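Bear in mind these aren't lab numbers, they're just calculated from the coordinates by the rules spelled out. The structure presented is a predicted model; accordingly, all values stated were derived computationally and were not measured. Neighbour counts run over all protein chains shown; Cβ positions are idealised from the backbone, glycine included.
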Amino acid sequence: MLVIMQQGAGQATIDHVVERIEQLGLRVHLSQGEFRTIIGAIGEELASYQEQVLSLAGVENVVPIMKPYKLASREFHPEDSQVDVGGVKIGRGQCVVIAGPCAVEDREGCAAVAQSVKEAGATMLRGGAFKPRTSPYAFQGMGEEGLKILRECSDRYGLPVVTEVTDPRNVELVCRYADMLQIGARNMQNFVLLSEVGKTDKPVLLKRGPSNTVKDWLMSAEYILSEGNQRVVLCERGSKGFETEVRFSLDVGAVVVARHNSHLPVIVDPSHAAGRRELVAELAIAGLAAGADGLIVEVHDCPEKARCDGAQSLTASMFTDLMGQVRQLLACLGKDAG
């Protein structure tokens with residue numbers, strides 16, 4: 001519930017209300033403006049709580065939050081959030097373009113891709129060091145060595161890096177090298193992992209699972225937010241559908257619904273949705289036109305030799321062409337590249 005304090009309520013009054021809310025077993029999130037304080041009381045609420053809090057001195061009104069995802073909802077946070085990742089801002093009109101290989105395979109290849117996407121206008125670098133694969137015999141990533149290569153390329157080309165963390169035991173390790181932690185679609189409901197990244201100070205990129213609703217997605221974001229990490233960016237990467245010509249169906253409707261129901265920034269992953277590089281650009285533009293705050297795109301220096309997802313990886317020249325289209329669209333939408 002939202003506890004709206006009276007205008008001019010003093011700090012001692014606010015502190016007393018906070019103390020009483022905490023005694024009810026609820027978590028407190030303060031929003032203190034110039035003239036008025038709003039207290040978010042988060043947790044499992046009983047019907048009697050609203051009446052008890054409303055009776056406290058200094059309380060003007062108590063408004064229940066109807067959505068099950070409290071902290072992620074616009075009821076709790078009406079204004080769009082903006083997430084800063086190493087100086088790159090996402091949301092509130094700032095559009096991010098994240099690009100790089102699906103997986104880090106070697107130092108030279110990663111550096112070549114980082115240089116090319118930087119020159120084309122990308123604002124962040126992506127790359128996997130830990131790869132959850134369907135087959136246990138498939139390439140699983142380079143682990144910490146891959147993280148070191150990503151960090152080197154990030155520092156060399158001035159691109160903040162996002163990489164996936166797949167195991168709660170590896171969160172601390174990945175935090176040493178990454179500017180942003182990615183939770184992949186397969187782990188969207190790995191609640192132990194979500195809670196662990198929620199305890200860090202790193203921004204989090206949360207992908208939607210291919211069989212999950214927007215509500216499921218936002219409830220997963222709630223796990224991260226409830227642990228104190230408020231820097232969450234949502235990523236739509238396609239859902240399972242009937243169409244066999246694409247890997248997944250990019251759900252632009254989910255982008256619209258997520259932005260309507262939540263204050264968190266939303267980006268799209270057209271690469272995993274398409275599964276084919278020749279379809280990526282059109283899906284990317286569709287996602288941005290639907291209101292997404294950015295893109296995450298796979299780019300490889302030689303896609304035919306990629307150890308994973310080569311078919312959906314753009315070449316450097318294709319990515320450069322895409323960035324030209326992105327700039328034209330952003331100018332029409334009145335948005336800036338992050």
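Count of segment 34-86 residues, restricted to those that are charged (D, E, K, R) and either within 17 Å of Q11 (Cα to Cα) or in a strand (DSSP E or B) (or both), is 4.
In segment 9-31, the residues that are surrounded by 15 or more Cβ atoms within 10 Å (Cβ to Cβ) form Cβ pairs under 8 Å with partners that are part of a helix (DSSP H, G or I) and among the charged types (D, E, K, R), at six or more places apart or across chains, as follows: V28/E22. Answer yes if at least one residue in segment 94-108 is surrounded by fewer than 18 Cβ atoms within 10 Å (Cβ to Cβ), assigned to a helix (DSSP H, G or I) and free of Cβ contacts under 8 Å to residues at least 12 places away in the same chain, and no otherwise. Within segment 94-108, one or more residues are surrounded by fewer than 18 Cβ atoms within 10 Å (Cβ to Cβ), assigned to a helix (DSSP H, G or I) and free of Cβ contacts under 8 Å to residues at least 12 places away in the same chain. Counting only strands (runs of 3 or more DSSP E) that sit wholly inside segment 112-189, not one has at least 2 residues that are touching a Ser or Thr at 6+ places or on another chain (Cβ under 8 Å), without any contact (Cβ under 8 Å) to a residue 24 or more places away in the chain and among the acidic types (D, E). Among the residues making up segment 163-173, a single one is surrounded by 23 or more Cβ atoms within 10 Å (Cβ to Cβ) and hydrophobic (A, V, I, L, M, F, W, C): V165.
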